[in-house]
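I have placed the structure first, in the form of structure tokens, so that the comments after it can refer back to it.
The values are calculated or read from the model by the stated rules, or taken from the named source; none is laboratory data. Predicted model, so just to flag it, every value in this text is computed and none were measured. Cβ coordinates were reconstructed from backbone atoms using ideal geometry, including for glycine residues, and neighbour counts include every protein chain displayed. These area figures cover heavy atoms from the full protein model, side chains too; ligands, DNA and RNA do not enter into them. Shrake-Rupley method; radii C 1.70, N 1.55, O 1.52, S 1.80 Å.
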Amino acid sequence: MEKVWLKSYPAGVPAEIDMQRYQCIGDVFDEGVRKYGPQAAYSNMSKEISYQELDELSAHFASFLQNDLGLAKGARIALMMPNLLQYPICLWGALRAGYVVVNCNPLYTPRELEHQLKDSGAEVIVILENFAATLQEVLSLVPLKHVVVVRIGDMFGGLKGMLINLVVKYVKKMVPAWNIPGYIPFKEVLARGAAHPLKPVAVAQGDLAFLQYTGGTTGVAKGAMLLHKNIIANLQQAHTWIAPFIKEGEEVIVTALPLYHIFSMTANCLTFFKVGAKNILITNPRDIPGFVKELSRQRFTAITGVNTLFNALLHNAEFQTLDFSQLRCALGGGMAVQRAVAEKWRQVTGIPLVEAYGLTETSPAVTINPLNLPAFNGSIGLPVSSTEIAIRDEDGNDLGVGQTGELCVRGPQVMAGYYMRPDETAKAMTADGFLHTGDIAAVDEHGFIRIVDRKKDMIIVSGFNVYPNEIEDVVATHPGVLEVAAVGVPNEHSGEAVKVFIVKKDPALTVDSIITYCRHSLTGYKIPKQVEFRSELPKSAVGKILRRELRDEAGKAA
């Protein structure tokens, strides 16, 4: 069959991006500082830092890594903190000096953190003290050489910063006891870095920028190798898409999704930096009343999030009274945007909630709906510039308009591969350079793509990928479990939730004992919300547990 590369772009968006404009992510930074120097770049808990201040602070952080620690270009720097001003300081500093950023979820269990630090070979970690106790448990097992500890009040200085840290630790009791000999306080890092100038480093498009970890069908988190050119491509792709609808140098974007997540990191932290926006960093978006109170202080123009976040905001009475007169862009990703939420969002705010689609492996954007979408269309949008998509059957044949098959992607934003896993890379990539997304899709005659199913058994909980094998691997180690299967089931709050089906080895096994056991090894959103005991699990002729049967059954019952 003749190949059909499906490409379509909205009016005003070029078919191709200029890949030669920037040679590294640091070039994007330098341009932003030149253009928007005195303007606010990031804001958190009413504390702002300008583009110029960020230039100085990130240079101090990078200088410390270069001069005090003597790290060579390419060293891995792990970042483990929520949305605080310290995050962009460390991120931009590391990238400017040619280091590789390894983002770590602050909610990791010791087991999850140990794997990622070992696999990446991180030499330094910058961690919020609230999570230092987790690191302490695995410190002797990982290759870290240096630990930098951040405190929430670090960037406030003086009495205010001290009071914030005291309240967090002693009043709210949010800092479990920890003891890490030789750690370096973040404020000391900046002071020591300021004593030496940042040495220029030659960074090219082909250099590694991020090891961004994502799950896999094996249940082992893999580091997607995102090069400077991959991130530059996605910045350019996102910029060309939003340019007709925004006012550069005047945007105020709400950043509630964690910056360690690829969606928020690329879309908010990096892309909106490029357009001179002020990023409002929300440290705890689960505190909806507090979140809405912060929004009431801002004349925000843009917001990104996952469906569950938008839904939670819409169910807050105070949110509905906010001033949305300046709001121009609301972008949903990470999980499917539900029609009811999108329609309610438009009713309340007056602008569309636009759905986008991407993967860690694609830096992440693959498709975005037009920002002036007249009505919710249930699609994931159109391919961004310089991106080819193909719909393929099980044999790799290209299918045409309206036919259903696996969505495959080719473009400059696609990763270089999985770190130290050539076998997994080979499985993910086709001979002609397309990435298997694992999603089953169809394309209409206008180029809009609709996801109809997932080829993989991945579960998406509030925008976070959860892989059944990881859950099963943990549950199966419980001495009372004979067999286990994990699937995703519909959940009104998180989109999907984890459900496990278990065949008991110990007749006395209980639901509570399984949940308690999982808490020791799994991040909160991965812990099963439902546990069902069965005498047997459905299997194929070769003995493979049929997750799809269980998922379909659970879905019908929901």
Discussion item. Considering only region 380-391, I want to know if a residue exists there that is open to solvent by 20 Å² or more (accessible area, probe 1.4 Å) and either free of Cβ contacts under 8 Å to residues at least 24 places away in the same chain or of a type in the set (Val, Ile, Thr) (or both).
Written reply: no
Worksheet item: Are any residues in region 410-463 polar (S, T, N, Q), crowded, with 17+ Cβ neighbours inside 10 Å and touching a residue at least 24 places away in the same chain (Cβ under 8 Å), and if so, which ones?
Response: 413, 437, 462
Fill in: Test for residue 90: is it under 20 Å from residue 214 (Cβ atoms) and modelled with pLDDT of 95 or more
no
Worksheet item: Only one of (1) open to solvent by less than 90 Å² (accessible area, probe 1.4 Å); (2) charged (D, E, K, R); (3) more than 26 Å from the chain's Cα centre (by Cα) fails for residue 151. Which number is that?
Response: (3)
Worksheet item: Inside region 302-318, can you point out the residues that are at pLDDT 90 or above and crowded, with 20+ Cβ neighbours inside 10 Å?
Response: 302, 303, 304, 305, 310, 313
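Taking into account only those residues within region 106-120 that are part of a loop (DSSP other than H, G, I, E, B) and not hydroxyl-bearing (Ser, Thr, Tyr), which is most open to solvent (accessible area, probe 1.4 Å)? Steps first, answer last, please.
To start, the set of residues in region 106-120 that are part of a loop (DSSP other than H, G, I, E, B) comprises 106-109.
Imposing the further condition that a residue be not hydroxyl-bearing (Ser, Thr, Tyr) reduces the set to 106-107.
Numbers: 106: 7, 107: 85 Å².
Among residues in region 106-120 that are part of a loop (DSSP other than H, G, I, E, B) and not hydroxyl-bearing (Ser, Thr, Tyr), the one most open to solvent (accessible area, probe 1.4 Å) is 107.
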Worksheet entry | Residue count, region 360-379 (criterion: in a loop (DSSP other than H, G, I, E, B), buried (at least 24 other Cβ atoms within 10 Å of the Cβ) and either among the aliphatic types (A, V, I, L, M) or more than 17 Å from the chain's Cα centre (by Cα) (or both)) | 1
Response to the item:
Flagged in region 38-70 as closer than 22 Å to residue 113 by Cβ and open to solvent by 20 Å² or more (accessible area, probe 1.4 Å), in numbering order, are 69
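Is it the case that some residue within region 342-351 is among the charged types (D, E, K, R), open to solvent by 20 Å² or more (accessible area, probe 1.4 Å) and touching a residue at least 60 places away in the same chain (Cβ under 8 Å)?
no
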Item to complete: Name the single residue, out of those in region 167-199 being closer than 26 Å to residue 53 by Cβ and at pLDDT below 95, that is surrounded by the most Cβ atoms within 10 Å (Cβ to Cβ).
Response: 168
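Which ones in region 240-261 are open to solvent by 10 Å² or more (accessible area, probe 1.4 Å) and under 14 Å from the mean Cα position of the chain (by Cα)?
At the first step, the residues of region 240-261 found to be open to solvent by 10 Å² or more (accessible area, probe 1.4 Å) are 240, 242-250, 252, 257-258, 260-261.
Those that are open to solvent by 10 Å² or more (accessible area, probe 1.4 Å) and under 14 Å from the mean Cα position of the chain (by Cα): 257, 258, 260, 261.
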Worksheet item: Can you name the residue in region 201-239 that is at pLDDT 95 or above and part of a loop (DSSP other than H, G, I, E, B) and, of all such residues, is surrounded by the most Cβ atoms within 10 Å (Cβ to Cβ)?
Response: 203
